[in-house]
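Written below as structure tokens is the structure these notes are about.
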Amino acid sequence: MREVKYRAWVEREKVLVDVLSIDFKEKTVKLPIQTPVISDYWWDETTWNFEDVILMQYTGLKDKNGVEIYEGNIVNHLYHYYAGHGVVLEENEIIVIEDIAKLPFDRSSVECEIIGNIYENPELLEGEII
């Protein structure tokens, strides 16, 4: 069984953070948000409604550098002799990479490296996916 973890993209703040907890009944998430205190920073927990964030689930996989792969990550990949980049998605409980050329690859057969995500780095997709 894979580890269940989420990150959240908060559009209003333009920030991607780890999710501390999820309340499915109340449809809220608790997130760490950086708060200024004099000249230093400290982390504070804030509660956000589901409609104010976009959740990105951990796939249970890591890229070739050991970095955890989340849905919505953009990866460079090598599939046999085909190199390209695409978005990590989960479809019918199967992790795939939807390439810019719209070709899905089974993650188990692809070597990949995270280069960004669809929220912070949409320019990497050149408007082809999303």
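Say whether the condition of being part of a strand (DSSP E or B), at pLDDT 75 or above and open to solvent by 60 Å² or more (accessible area, probe 1.4 Å) is met by at least one residue in the range 62-72.
At the first step, the residues of the range 62-72 found to be part of a strand (DSSP E or B) are 62, 68-70.
Adding the requirement that they be at pLDDT 75 or above leaves 62, 68-70.
Okay, now just the ones that are also open to solvent by 60 Å² or more (accessible area, probe 1.4 Å), so 62.
There is at least one residue in the range 62-72 that is part of a strand (DSSP E or B), at pLDDT 75 or above and open to solvent by 60 Å² or more (accessible area, probe 1.4 Å).
The set of residues in the range 16-45 that are surrounded by 15 or more Cβ atoms within 10 Å (Cβ to Cβ) and at pLDDT below 90 contains only PRO32.
Among all residues of the range 86-108, there is at least one that is in contact with a strand residue (DSSP E or B) (Cβ under 9 Å, 6 or more places away or on another chain), in a helix (DSSP H, G or I) and modelled with pLDDT under 85. Does any residue in the range 8-24 that is under 12 Å from ASN49 (Cβ atoms) come within less than 6 Å, Cβ to Cβ, of a residue that is surrounded by fewer than 16 Cβ atoms within 10 Å (Cβ to Cβ) six or more places away or on a different chain, and which pairs are these? Between residues of the range 8-24 that are under 12 Å from ASN49 (Cβ atoms) and residues that are surrounded by fewer than 16 Cβ atoms within 10 Å (Cβ to Cβ), the close pairs are ALA8/LEU55.
The values are calculated or read from the model by the stated rules, or taken from the named source; none is laboratory data. Keep in mind that this is a model prediction, so the values were computed, not measured. FYI the Cβ positions are ideal-geometry reconstructions off the backbone, even for glycines, and counts take in every protein chain you see. Surface areas here come from the heavy atoms of the whole protein model, side chains and all, with no ligands, DNA or RNA. Shrake-Rupley method; radii C 1.70, N 1.55, O 1.52, S 1.80 Å.
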